[in-house]
Amino acid sequence: NPYAGLVSHLRASWLSGKTRPMEYRVAQLEALGRFLDDKKQEILEATELDMGKPSFEAFFSEILLCKNELNVTLNNLCHWMKDEYVDKNLVMQLDSAFIRKDPYGVVLIIAPWNYPIHLFLVPLIGAIAAGNCAIIKPSEISKHTERLVAETLSCYLDNDCFAVVTGGVPETTRLLENKFDYIFFTGSPPVGRIVMTAAAKHLTPVTLELGGKNPCYVSDTCDVTNVARRVAWGRFFNAGQTCIAPDYLLCTVEMQDKLMPALREAITEFFGPNPRESPDFGRIVSDKQFRRLRALLGSGRVALGGQTDEAERYIAPTVLADVLPTDPAMQEEIFGPILPIVVIANMDEAIDFINARPRPLALYAFSCDSKIVNQVLERTSSGGFCGNDTLMHVTLTSLPFGGIGNSGLGKYHGKFTFDTFSHHRGCLHRSMGLEALNTPRYPPYTQQKLGLLTSAFEVKRRGTCTLL
Amino acid sequence: NPFEGLVSHLRASWLSGKTRPVEYRMAQLKALGHFLDDKKKQILEATASDLGKPPFEAELSEIFLCKNELHEALNNLPRWMKDEQVDRTLAMQLDSAFIRKEPYGVVLIIAPWNYPIQLCLVPLIGAIAAGNCVIIKPSEVSKKTERIVAEVLPSYLDKDCFAVVTGGVPETARLLENKFDYIFFTGSPPVGRIVMTAAAKHLTPVTLELGGKNPCYVSDTCDVTNVARRVAWGRFFNAGQTCVAPDYLLCTVEMQDKLIPALRKAIDDFYGPNPRESPDFGRIVSDKQFRRLRALLGSGRVALGGQTDEAERYIAPTVLVDVQPSDPVMQEEIFGPILPVITITNMDEAIDFINSRERPLALYAFSSDDKIVTQVLERTSSGGFCGNDTLMHLLLTSLPFGGIGSSGLGMYHGKFSFDTFSHLRGCLRRGMGREPLNAPRYPPYTPQKFGVIRATAKVTPKSDCALL
């Protein structure tokens, strides 16, 4: 077991208590902030080399959003760490009852390649804030970013408590043989199953941020120009390699006919007549992913885009029309700059279509009529939801971010990350005296004692209140 | 797959939306209340037959505690169900951002035999409150209670949405082949691993309420009489078959010498000179468990009790001394009326002893000195904690109840049960118009646009605050 020594070392550090004081956690978090500031240029360059990520996008997703999470955490950590005092019954009025937030211990964070800094850093912020030690396993696919993280992160964090492990599938498998106290995984559902199965051997709790096909329903009553821009932005950001990108559109044939020119207009506005020459459009991360995506271009009919360049791993911002549910583009999460349109007759059919499939990480509905947006929200189930826009719900640190069903389990962002990596320990501290209060519970049992106990501890049924 | 039809039927009921309205859920919960009222006598008789549970204990643990949880849910459900509005950034002031509580779908609750009504009903209350459909799998070991749950409970609940499945290990294994949307398991760690492994195949989230050896540290400064009574009560309630019972004592030799006579007196006060004749002391649930426990009596030396009767499955309230960490009684969760005492020289040694073992579901510390109780709490890790008493932290519905490490994952009771069975869906509803607000995020990217984004989306760091 090549990692046993490392895991033990981190476990010993955790047991020593060094990660417990707030000052320690704040110092580590501030160091992460300095990492983001000092290495900003290197991060932008690495993500550009790895997947042609435009600097603006990298700055936003890999730096700004991470700094937001850092600041929310630093602003609130002392409040989050405090014991939460809870309501007590009559008998316990003189006792102290509270929820203590304890770290789990040594946690493992496995990150994917598409937002390679963000998707390990944001969980790491929560893990540190909650007092844990952590092993970070960045993706080997985003090679330049992996090297940056492996070589420089250790200069910022306490090496007794935080470590980076690199490698591919064999190394990750060996790493997972070890007992961790929490595992946070972002990646695909099949690998999520493998991680959860490995975690089960040690009864390790997990958060799995997975994916799926995020439906995007566009009703007939909408501002077509705005819809096209918002959808195109969400689909083509990071060349489509976003777990919450709108994966496919559902609309009527009439709406498709209006959307197509609007999407063409939006794409031209964003990336110019030849997106391959735009500095603002990304590339596909690997040859394998490129070939997978190129094969999907055969589904339906290419209405916009469709050009590819294997040497650059370029796939043009593409819209496919006349796509059937059985087509290859509808069998897997696309994770690229291709947007299929599936035509339906009405909202009910769209909802049935969505509900017949695995529950997605994100669900989008566009309509000027808020009742329609509400209906889609009410009648479907998804990790998160955004009405009349794409991606934006995950920029609010006050909203929990996570999947359901195949798209994942658990949630994070903001305080939810701190809570994910904390054990909520129910604590009651009673007095050594006041024994008379306890006598009704002891044998020999009598009806009278039972009556005393039930009246002291009873939660009574209150009068009804209406749902506001 | 013998249960496939049943699971599909429940899934269809859930997809029909019938469990969503608050009125429906309240009606099902009230019906559970009627079940407890109408069938109280049968429940007391069944648990008396299954494990000699004294009616007082059954009324308290199987009826009263469940009714408290029911009332807590009925009193608060409309409020728990409401969308929670969340803080928004500057750019989203005109949007609607909230957390919607949604059911998972079809959940499976697997209950054990020791508190056979409570441990299926309390999770069920949360599952119903959260809008799920449920399959309940009561324990086949507590046979009479299993029959009540299987034959009587369904007539109180909507059969389209709630079902009981009976059987042993083979049936449970077949049941677990199906895809559930949540699995709530109470039982032993080895079976917990099996359940989590089965859940991993379908990426099903789980709560596992397991067990372990709950340490009970008694410092030299305490009221020996009170300690003895509180510990004896916690250990011998339900003949020791309680997942949060104090499993073993840690104290100095001096304290042991004082505790033994105090424990003798407490046992005598509770059960009389011959506990076998007391109506207030339970029996062991099965021959297998009886034989397992009888074998543990060989560890150390019997200081109090030690008598057994195989025909009645009676094991006397027993205290063992001179117990070595390597003895059989220290190798497994006792789950019976046997209390080993391990002597240590001081609190630090007790804490090291505790920390070198698996993290328990409950941890107890007795001291007249609050600082000692606080130190034990701070320097250890456990599911829950109670200072100067045993079991009582479970009586507060405002405290989360759950394990850590091999004692479990997840938590419930009170609102925590509702939260366990709810998916927190992050929702953002934006306007169809006001497109200029979005313009800065679209390509072509410029530093000017970035400046605007940063200004509107940024979270600024506040100044330091002190940990109160």
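The values are calculated or read from the model by the stated rules, or taken from the named source; none is laboratory data. None of the values given here were measured: they were computed from a predicted structure. We place every Cβ from the backbone using ideal geometry, glycine too, and count neighbours over all the protein chains shown. These area figures cover heavy atoms from the full protein model, side chains too; ligands, DNA and RNA do not enter into them. Shrake-Rupley method; radii C 1.70, N 1.55, O 1.52, S 1.80 Å.
Numbers for the structure displayed
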quantity: Solvent-accessible area per residue, Å², over chain B with all protein chains present [probe radius 1.4 Å]; calculated: 35 Å²
quantity: Rg/Rh ratio calculated on Cα atoms of region A:215-406 (Kirkwood radius); calculated: 0.94
quantity: Dipole axis of chain A (+1 Lys, Arg; -1 Asp, Glu on Cβ), positive-most option in A:96, A:241, A:212; calculated: A:96
quantity: Among B:1, B:99, B:248 - extreme Cα towards positive end, dipole of chain B, charges at beta-carbon; calculated: B:99
quantity: Ranked order, A:441, A:276, A:264 - accessible area, probe 1.4 Å, largest first; calculated: A:264, A:276, A:441
quantity: Ratio of Rg to Rh over the protein assembly as shown (Cα coordinates, Kirkwood Rh, two decimals); calculated: 1.00
quantity: Given charges at Cβ of Lys, Arg, Asp, Glu: the protein assembly as shown dipole, positive-most of A:337, A:2, B:216; calculated: A:337
quantity: Rounded tilt (10° steps) of B:4-15 against the dominant C-alpha axis of chain B; calculated: 50 degrees
quantity: Exercise: per-residue mean of other protein chain Cβ atoms within 10 Å, B:447-453; calculated: 2
quantity: Inter-label distance for residue B:24 and residue B:370, nm, one decimal - labels placed 7 Å from Cα along Cα-to-Cβ; calculated: 5.0 nm
quantity: Gyration tensor (alpha-carbon) shape descriptor, chain B, a/c threshold 1.5; calculated: oblate
quantity: Chain A: relative contact order as a whole-number percent, Cα under 8 Å and 6+ apart; calculated: 18 percent
quantity: For region A:359-394 and region B:311-364, distance of Cα centres in Å; calculated: 54 Å
quantity: Average projected area [Cα convex hull, region B:1-148], square nanometres; calculated: 11.2 nm²
quantity: Angle between chain B longest axis and helix B:370-379 axis [Cα atoms, degrees, rounded to 10]; calculated: 60 degrees
quantity: For region B:142-164 versus region A:161-187, the gap between their alpha-carbon centres in whole angstrom; calculated: 43 Å
quantity: Chain A shape via C-alpha gyration tensor axes, a/c threshold 1.5; calculated: oblate
quantity: Accessible area of residue B:411 in the full protein assembly, 1.4 Å probe (Å², nearest 10); calculated: 60 Å²
quantity: Calculated FRET efficiency for the pair residue B:173/residue A:448, C-beta based, R₀ 56 Å, to 0.05; calculated: 0.75
quantity: P(r) weight above 28 Å for region B:215-403, C-alpha pairs, percent; calculated: 19 percent
quantity: Accessible heavy-atom area order of A:179, B:144, B:67, highest first, probe of 1.4 Å; calculated: B:144, A:179, B:67
quantity: Residue list for region A:167-204, given a label point 7 angstrom along the Cα-to-Cβ vector of residue A:286 and an amide N cut-off under 15 Å; calculated: A:167-173, A:187-192
quantity: Two-site label geometry, residue B:287 and residue B:6: point separation in nm, points 7 Å out along Cα→Cβ; calculated: 2.8 nm
quantity: Solvent-accessible surface (1.4 angstrom probe) belonging to residue B:49, in square angstrom, nearest 10; calculated: 60 Å²
quantity: Exposure ranking of B:102, B:358 by accessible area [1.4 Å probe, largest first]; calculated: B:358, B:102
quantity: Segment residue B:221-residue B:449, extension gain: residue separation times 0.36 nm, minus the distance between their alpha carbons; calculated: 75.3 nm
quantity: Centre separation in Å (Cα based) which lies between region A:287-322 and region A:197-269; calculated: 16 Å
quantity: Peptides ranked, highest mean first, by Cβ atoms within 10 Å: ranges B:373-384, A:71-82; calculated: B:373-384, A:71-82
quantity: Prolate/oblate/rounded label for region B:110-208 (Cα gyration tensor, a/c 1.5); calculated: oblate
quantity: Span-rule helices in chain A, defined as complete DSSP H runs reaching 18 Å or more along the axis (Cα) with Kyte mean at least -1.0; calculated: A:22-38, A:65-81, A:143-156, A:189-201, A:253-271
quantity: Net dipole in debye of region A:215-406 [+1 Lys, Arg Cβ; -1 Asp, Glu Cβ; about Cα centre; nearest 20]; calculated: 440 debye
quantity: Nearest 10 degrees, 0 to 90: helix B:253-271 Cα axis against chain B principal axis; calculated: 90 degrees
